[in-house]
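Notes follow once the structure below has been shown.
The values are calculated or read from the model by the stated rules, or taken from the named source; none is laboratory data. Note that this is a predicted model, so its numbers are computed, not measured. Glycine also receives a Cβ, built like all others from the backbone with ideal geometry; neighbour counts cover every protein chain displayed.
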Amino acid sequence: MALAGTAVRSATSARRGTLARREALWGFICASPWFVGFFVFTAGPMLASIALSLTRWDLLTAPHFVGLQNYQTLLSGDTSVWHSLEVTTYYAVLAVPLHTAFGLFLAILLNQKIRFQRFVRTVYYLPSVVSGVAVALLWQWIFSPDFGLLNTLLGYVGIKGPAWLSDGQTVIPAFVIMSLWGVGASMIIYLAGLQGIPTELYEAAQMDGASTVRQFWTVTVPMLSPVIFFNVIMGIIGALQVFTQAYVMTAGGPHDASLFFMLYLYQNAFEYFKMGYASALAWVLFFYIMALTLLVIRSSAAWVYYEGRTRGR
């Protein structure tokens with residue numbers, strides 16, 4: 001009997017092992033399209049760009065190996081690199097906080113019980129899915145100094161509007177204002193976070209006599225801090241890769257006042273045919289974004305609250 005029981009257990013274990021291997025095999029088969037796509041369209045091009053950044057290549061002749069010369073040039077001999085990085089950082093410093101605050105404000109506003117709530121939410125979200133070129137052309141008309149919508153509205157209240165895209169002092173603020181057009185995407189994420197906050201917390205705060213403002217700072221913001229953290233990270237990554245708006249609306253002008261880093265990278269690659277140098281620029285931007293992202297992630301221990309975990313641990 002003991003031998004029979006041992007044989008049954010062995011057979012059962014072998015059968016389970018076979019089923020586990022079969023499930024693992026089918027799991028890899030189902031995930032294989034993603035793996036193929038990742039290695040062909042992401043990891044492969046990244047490795048190729050590393051190799052190209054060590055060469056001089058004009059798309060017409062064979063790449064010529066130059067070692068770290070491209071990196072030496074962009075770090076010490078090309079002032080446009082630092083200028084474009086400064087312009088991009090300036091834009092991000094203005095756009096990310098404003099985008100975060102405005103998205104949260106809209107989410108709180110549209111989380112209230114109002115008539116046609118779903119329709120209004122859809123209206124605010126739709127602009128974020130419109131093509132970048134179409135949006136750029138629309139805002140180019142809005143910012144027109146002579147017949148643009150914005151300056152026309154300012155004229156009705158006796159204010160002479162500036163030459164938004166033709167003035168070096170206002171071109172970046174104009175792009176920041178334009179960035180609010182796509183705030184609907186982050187608004188939807190904030191809405192999801194707001195609806196996940198337990199109502200019992202607000203009820204307890206009301207019983208303690210907390211005002212609406214106090215409830216916002218002591219309940220809403222801490223409970224929503226993981227969502228804010230996510231949107232800030234995504235906002236930084238997006239703001240540092242601005243390209244379409246500047247390419248369509250200003251081409252980097254006036255006088256390089258809107259020469260974003262991605263636009264300068266594009267110019268080197270497809271206008272000056274310096275593919276090796278452009279690849280080096282791409283890796284500089286990659287490490288810059290990674291450094292800022294890691295900095296924000298490191299700071300999250302001080303201001304991001306996760307339920308069930310002590311802050312800072």
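Data table
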quantity	calculated
Residues of region 103-117 that turn out to be of a type outside the set (A, V, I, L, M, F, W, C) and free of Cβ contacts under 8 Å to residues at least 12 places away in the same chain, as a count	4
Tally of residues being over 22 Å from Phe260 (Cα atoms) and either modelled with pLDDT of 90 or more or surrounded by 11 or more Cβ atoms within 10 Å (Cβ to Cβ) (or both) across region 133-155	9
Counted residues, region 248-299 - those being touching a residue at least 24 places away in the same chain (Cβ under 8 Å) and either among the aromatic types (Phe, Trp, Tyr) or not assigned by TED's automatic domain parsing to the domain that holds Thr220 (or both)	7
Residue, farthest from Leu194 (Cα to Cα), within region 102-121, restricted to residues that are surrounded by 12 or more Cβ atoms within 10 Å (Cβ to Cβ) and more than 20 Å from the chain's Cα centre (by Cα)	Val120
Restricting region 50-80 to residues that are hydrophobic (A, V, I, L, M, F, W, C) and farther than 21 Å from Phe270 by Cβ, the residue that is surrounded by the most Cβ atoms within 10 Å (Cβ to Cβ)	Leu75
Ile233 vs. criteria closer than 18 Å to Gly103 by Cβ, β-branched (Val, Ile, Thr) and under 15 Å from the mean Cα position of the chain (by Cα)	yes
Qualifying residue in region 71-84 (condition: in contact (Cβ under 8 Å) with a residue 60 or more places away in the chain and more than 30 Å from Arg56 (Cβ to Cβ))	no
Condition broken by Val36, with the remaining ones in (1) under 30 Å from Ser258 (Cα atoms); (2) loosely packed, with under 11 Cβ neighbours inside 10 Å satisfied	(1)
Residue list for region 168-215, filter: more than 16 Å from Arg121 (Cβ to Cβ), in a helix (DSSP H, G or I), over 16 Å from the mean Cα position of the chain (by Cα) and touching a residue at least 60 places away in the same chain (Cβ under 8 Å)	Val171, Ile172, Pro173
Failed criterion for Val130 (all others in (1) under 30 Å from Ala192 (Cβ atoms); (2) among the β-branched types (Val, Ile, Thr); (3) modelled with pLDDT of 90 or more hold)	(3)
